[in-house]
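Each remark here refers to the structure printed beneath this line.
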Amino acid sequence: MRLLWLDLNCSYAHSSLALPALHAQVMHRTDVEWAVVRTTTSEAIGTAVDTIYAQRPDVIAATAWLFTHEHLLHIIARVKALLPHATVILGGPEFLGHNEPYLHHHPEIDCVLRGEGEESFAQWLDKWNNPEAWNNITGLCYIQNGTYHDNGLARVMDFASLHTPEESPLFTWSKPFVQVETTRGCFNSCAFCVSGMGDPIRTLPLEDIRRRLDHIQAQGIRDVRILDRTFNYHPRHAIELLQLFAEYHPRLRFHLEMHPALLPQSVREVLSEMPDGLLHLEAGIQSLRQEVLNMSTRKGTLKESLDGLRFLCSLPNLITHADLIAGLPGDNFKNFAKTIDNVLRLGPENITVHTFC
């Protein structure tokens with residue numbers, strides 16, 4: 001079977017982990033021949049279509065998220081018209097909800113995988129050309145003979161047992177940074193985030209993380225983005241990782257997402273002692289209106305978050321930016337503009353603000 005992965009990103013600097021994460025689990029198989037077409041949303045759709053068509057794949061796979069989804073659909077629709085017998089499977093954050101209307105509206109998509117795909121995608125490869133056997137593949141959603149089939153949500157409970165993305169020869173080492181998960185799942189339940197779905201938090205052993213960082217450093221990489229949704233959800237775990245990261249100064253730099261409401265004194269002391277320039281922190285404020293945060297079911301009070309943000313902004317050894325989200329329930333343009341102004345007043349010399357709509 002010839003499988004073509006459409007690696008679509010927003011820019012050259014970005015590189016999705018989905019491809020190497022899935023490939024690492026099945027790279028030992030000799031019955032699957034992998035090909036990759038890499039493109040960005042700024043490149044011509046026709047160029048990607050021509051390249052895919054020339055490969056004549058049996059299977060076309062890709063991951064879809066908010067900023068790539070529309071471009072991806074244009075490519076897939078054209079390719080499917082040229083290669084009607086190719087099987088198309090998609091995954092990613094766009095499919096965490098109810099997928100029946102989507103599949104009816106896009107018949108060029110044969111199936112989508114909801115959730116974490118490392119185990120389920122490997123199972124699907126065994127049955128890709130036998131849809132009658134798809135009914136027991138967890139997370140797979142598809143339409144067969146007009147009937148919608150929904151196999152729930154795929155979750156990898158033994159996260160530490162997975163082969164790491166860096167083990168795959170399809171991992172991209174030429175980008176300005178690499179991404180690493182040290183935990184999967186999120187303790188929070190924010191309505192605006194696809195990660196807050198009641199997932200159990202699964203954590204990698206510290207020595208496994210050390211081995212991965214050694215490997216990354218050996219490749220000449222300088223910047224590492226930690227993908228943990230709330231890096232400091234557990235103070236002891238956060239402290240252990242911060243102390244580990246400090247061992248790599250000045251060879252590596254780390255980008256982390258932190259909840260500013262979850263900064264006990266023990267974590268603050270360690271952050272204060274971090275080497276200068278080691279950390280770039282992303283502090284999730286989201287809104288300065290408590291009623292908006294309540295409607296969004298975000299944990300942590302506004303008072304705690306602002307206190308934590310003031311502390312982070314006071315540390316000259318850290319780079320901090322605050323995240324705000326426009327368009328949350330109960331918010332409006334006037335209040336959001338006021339929120340931006342008030343956040344900037346907290347630390348105008350040591351804070352940048354990122355807004356999301």
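In the chain, Cα pairs under 8 Å separated by at least six residues give a relative contact order of 11 percent. The Cα center of region 115-169 and the Cα center of region 265-307 differ in position by 36 Å. Both the radius of gyration and Dmax for region 21-159 are 14.5, 41 Å, in that order, over alpha-carbon atoms. DSSP loop trypsin sites (Lys or Arg not before Pro) in region 1-104 with at most 15 other Cβ atoms within 10 Å of their Cβ, which ones? Loop-located and lightly packed - Arg29. Axis angle, to the nearest 10 degrees, between helix 302-314 and the longest C-alpha principal axis of the chain: 80 degrees. Considering every alpha-carbon pair of the chain, the percent of pairs per 10 Å bin, from zero through the bin containing the longest distance, is 5, 22, 30, 25, 14, 4, 0.
Axis of helix 235-246 versus longest Cα principal axis of the chain: the two differ by about 90°, to the nearest ten degrees. Across all directions, the average flat footprint of the convex hull enclosing the Cα atoms of region 166-239 is 6.0 nm². Ratio of Rg to Rh for region 245-314: 1.04 [Cα atoms; Kirkwood radius as inverse mean 1/r over pairs]. Over region 73-145, the alpha carbon radius of gyration divided by the compact-protein estimate 2.2 N^0.38 Å works out to 1.05. Ranking Leu170, Ala337, Leu103 by Cα position along the charge dipole of the chain, where only Lys, Arg, Asp and Glu carry charges on their C-beta atoms, puts Ala337 farthest toward the positive end.
Region 185-292 gives an Rg/Rh value of 0.98, both radii derived from C-alpha positions and Rh following Kirkwood.
Among beta bridges identified by DSSP and lying wholly in the chain, the antiparallel ones come to about 15 percent.
Global dimensions of region 104-206 from alpha-carbon coordinates: Rg and Dmax equal 16.3, 48 Å. Shown here are the Rg and Dmax of the Cα trace of region 205-353, at 16.2, 49 Å.
Bear in mind these aren't lab numbers, they're just calculated from the coordinates by the rules spelled out. Quick caveat, the model's predicted, so the values are computed rather than measured. Note: ideal-geometry Cβ built from the backbone for every residue, glycine included; neighbour counts use all protein chains shown.
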